[in-house]
Amino acid sequence: MTPRGRGQTARGTRSRQEGMQPPPWIAALRSMMQRPLGQLSLHVARYVRTLQSGALTQRLPPALAAHLPERTAERLTVVLVTLWLLEAFVAVNILLAFVAWLAAPPSVFGGAQGPGTLSLFVATVVLPGLILLTRRQRQRALELDMEQEELRQMPELERACRLLYIQPDAPLHIAQAAYAAAMKKHHPDVAGGDDARARELNWAIETFREHSRPEP
């Protein structure tokens, strides 16, 4: 290669490198934030290591599992709060990764890497989807709990009629037909059956028989 060709190649390489350099304001921002962010990262890492090695962290999950509430809606509330905390944790990690990328020393390849694709996917798709699903299930569980509480406060006959979806003055054969139709759906031996619901239906039909007038 001639000296002129080598000179052109060197100038082309320098021009490409200059084109890959970050803008001056990013370089200035990185230079300004490098030292305080390094100290902050050191303190955060030290604090996380202390939490991971602490006895409290090891005893916390079994203690939380032992004290979970019995009602489904309250358990789903615990799960929802946990998902919110995870979303906040991932969002903070993404923010720290972005700030670390800004604080990295400038180079041809841009210094440190920014937020990872997996973290962005978890923060924008996975966790929000789980949060929405849990909120919907919690709302259904709350409505079911309110319905059960309302049923417990009703008189026996009214409660039995509500469970069988009949009127209090309905004939006995109508109540028995409603009971049979409901048991086809909720019997424990049927796929998707509910033993608790089946016991409530048994109680409802017996209570209705006790309070119903004999048919002519």
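The values are calculated or read from the model by the stated rules, or taken from the named source; none is laboratory data. Predicted, not measured: the structure shown is a model, and the values here were computed from it. Ideal geometry is used to build each Cβ from the backbone, glycine not excepted, and the neighbour counts take in all protein chains shown.
Some notes on this structure:
- Filter result for R159 (of a type in the set (K, R) and more than 33 Å from the chain's Cα centre (by Cα)): yes
- Of residues in region 44-86 being at pLDDT 85 or above and more than 30 Å from E147 (Cα to Cα), the one surrounded by the most Cβ atoms within 10 Å (Cβ to Cβ): L86
- Any chance G110 is part of a loop (DSSP other than H, G, I, E, B) and either modelled with pLDDT of 90 or more or within 30 Å of L37 (Cα to Cα) (or both): yes
- Pairing each residue of region 71-88 that is in the same structural domain as A123 (by TED's automatic domain parsing) with any residue that is surrounded by fewer than 15 Cβ atoms within 10 Å (Cβ to Cβ) and of a type in the set (A, V, I, L, M, F, W, C), provided the two are 6+ apart or on different chains, yields C-beta distances under 7 Å for R75/L68; V78/L68.
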